[in-house]
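> What follows is a structure written as structure tokens; I'll ask about it next.
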Amino acid sequence: MKRCIIIGKPNAGKTLFALSFAAYLGANPLHLMFRHPQNNTTSWKTFHREEAIQELTSSKPHHTRNLQQLVVPLPARKGAKRIQLIDTSGLVEGIPEQKDIRRAMAQTLAAVRDAHLILHIIDASRVKAAGAVEALGEVDYQVAQFGQLRDGYLILANKIDLPEAKEGLDIITREFAGHQIVPISALYQQGFKVVKQFVQRRI
Ligand SMILES: Nc1nc2c(ncn2[C@@H]2O[C@H](COP(=O)(O)OP(=O)(O)OP(=O)(O)O)[C@@H](O)[C@H]2O)c(=O)[nH]1
Ligand SMILES: [Mg+2]
């Protein structure tokens, strides 16, 4: 089964995207597998979408501190296929002080190496928010540099429903010229059709 990883800075909307995209593709209820980096154990939990959003997303950064995997159906050229959608903890510049965030980041980076597809989420509404953890930063350029070596790399400019995201999208387009960029709203499932097609063509 192909692995599709969702990465980006904290608070960019990775978890909301993972849950909404899984629901959009027909996963209901959502069976999540959690991979705990502190002791290498796994656990499972089944959620309704709204319940998962309530528990697993937050307006505070660093809410996700482990890998959260979902298996989702995807119609493909030769019948239906399934992919593994992997939500991750946010990537930050430098070495985080908190041990569990450090460990979670290491876990994310190891999983990126193993993934077939990389969806890189950027918060288009906060591109210019200097000093904010979700603002466009060095991590995004590094991810893009790594991603350009892969066929299955896509930038998702998220939160396009917010007014500030328009200018943010222009900046992302300029800064990441040459990469495929899809404006999306994880909140309203905008742009999901294009993301689905991108994934479908590569599985
Ligand atoms: N308006 C709007 N808000 C969004 C969108 N996507 C995410 N959010 C909000 O942004 C905040 C962060 O979303 P999460 O999905 O928890 O972000 P994350 O990238 O998983 O964050 P970490 O787990 O901390 O790395 C939450 O308050 C979401 O409701 C969007 O498309 N539009
Ligand atoms: Mg999260």
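The values are calculated or read from the model by the stated rules, or taken from the named source; none is laboratory data. What you see is a predicted model, and the numbers here were worked out from it, not measured in a lab. Positions of Cβ are backbone-derived with ideal geometry, glycine not excepted, and every protein chain shown enters the neighbour counts. For accessibility, only protein heavy atoms count, side chains too; no ligands or nucleic acids. Shrake-Rupley method; radii C 1.70, N 1.55, O 1.52, S 1.80 Å.
> Starting from one equal scatterer on each C-alpha and no solvent at all, send me the Debye-based log10 I(q)/I(0) for the stretch 139-203 at q = 0.12, 0.18, 0.29 Å⁻¹, two decimals.
Each listed q maps to, in turn, -0.31, -0.70, -1.28.
> Here is a follow-up. Sequence gap of 8 or more, or different chains, plus Cα separation below 21 Å: how many lysine pairs satisfy both in the chain?
So the count works out to 29.
> Separate question: If you take every DSSP beta bridge whose two residues both sit in the stretch 1-136, what share of them, in percent to the nearest 5, is antiparallel?
Numbers: 20 of 30 bridges.
Around 65 percent of the beta bridges assigned by DSSP in the stretch 1-136 are antiparallel ones.
> Please list, ordered by chain and number, the residues whose modelled amide H lies under 5 Å from the amide H of residue 67; skip anything fewer than 5 residues away on the same chain.
Distant-sequence amide H within range of residue 67: 35.
> Excluding residue 167 itself, calculate the net charge of residues whose Cβ lies under 15 Å from the Cβ of residue 167, where each Lys or Arg counts +1 and each Asp or Glu counts -1.
On the way: positive: 126, 128, 159, 166, 174; negative: 123, 161, 164, 170, 175.
Residues near residue 167 contribute 0 overall.
> Gain in length, residue 130 to residue 110, computed as 0.36 nm per residue apart minus the alpha-carbon separation, to one decimal in nm?
Numbers: separation 20, 0.36 × 20 = 7.20 nm, distance 2.86 nm.
Roughly 4.3 nm would be gained on extension.
> Please compute the contact order of the stretch 2-200 in relative form: average sequence separation of alpha-carbon pairs under 8 Å and at least six residues apart, divided by the residue count, as a percent. List each step's numbers first, then the result.
Working: 400 pairs, mean separation 49.5, N = 199.
Relative contact order, the stretch 2-200: 25 percent.
> Taking only protein heavy atoms into account and a 1.4 Å probe, give the accessible area per residue of the stretch 2-200 in Å².
49
> Sort the chain into rounded, prolate or oblate with this rule: let a ≥ b ≥ c be the square roots of the eigenvalues of the Cα gyration tensor; rounded if a/c is under 1.5, and if a/c is not under 1.5, prolate when a/b is larger than b/c, oblate otherwise. Walk me through the intermediate numbers first.
Numbers: a/c = 1.37, a/b = 1.10, b/c = 1.25.
Rounded, since a/c falls under 1.5.
> Accessible area of the chain with a 1.4 Å probe: how many percent of it is carbon plus sulfur? Show your work: numbers first, answer last.
On the way: 4960 of 10060 Å².
It is 49 percent, rounded to a whole number.
> Among the trypsin sites (Lys or Arg not before Pro) in the stretch 44-104, which ones are in a DSSP loop with at most 12 other Cβ atoms within 10 Å of the Cβ? Mind listing them? Could you put the intermediate results ahead of the total?
Working: sites: 45, 49, 65, 77, 78, 81, 82, 99, 102, 103; in loops: 65, 77, 78.
Passing sites in the stretch 44-104 are 77, 78.
> Okay, next question. Nothing charged except the Cβ atoms of Lys and Arg (+1) and of Asp and Glu (-1): what's the magnitude of the dipole of the stretch 101-203 about its Cα centre? Round to the nearest 20 debye. Please report the intermediate quantities before stating the final value.
Numbers: 13 positive and 11 negative charges, 76 e Å.
About 360 debye.
> Does a label point 7 Å from the Cα of residue 33, set along Cα-to-beta-carbon, have any residues of the stretch 113-145 with amide nitrogen under 16 Å, and which are they?
Backbone N within reach: 114-116.
> Kindly identify the stretch 61-181 as rounded, prolate or oblate by the Cα gyration tensor criterion: order the square roots of the eigenvalues as a ≥ b ≥ c, call it rounded if a/c is under 1.5, otherwise compare a/b with b/c, prolate if a/b is larger, else oblate.
Details: a/c = 1.71, a/b = 1.15, b/c = 1.48.
Oblate.
> Still on this structure, I have one more. Add -39500 (n - 2.57) for each DSSP H run of 4 or more in the chain, then divide by its residues: what number comes out at 222 nm, to the nearest 500 deg cm²/dmol?
Numbers: 6 runs with 65 residues, N = 203.
Computed ellipticity for the chain at 222 nm equals -9500 deg cm²/dmol.
> Then there's this: Taking 25 Å as R0, compute the FRET efficiency from the Cβ-Cβ separation of residue 190 and residue 142 and round it to 0.05. Working shown, then result.
Numbers: r = 27 Å, r/R0 = 1.08.
E(calc), rounded to 0.05, equals 0.40.
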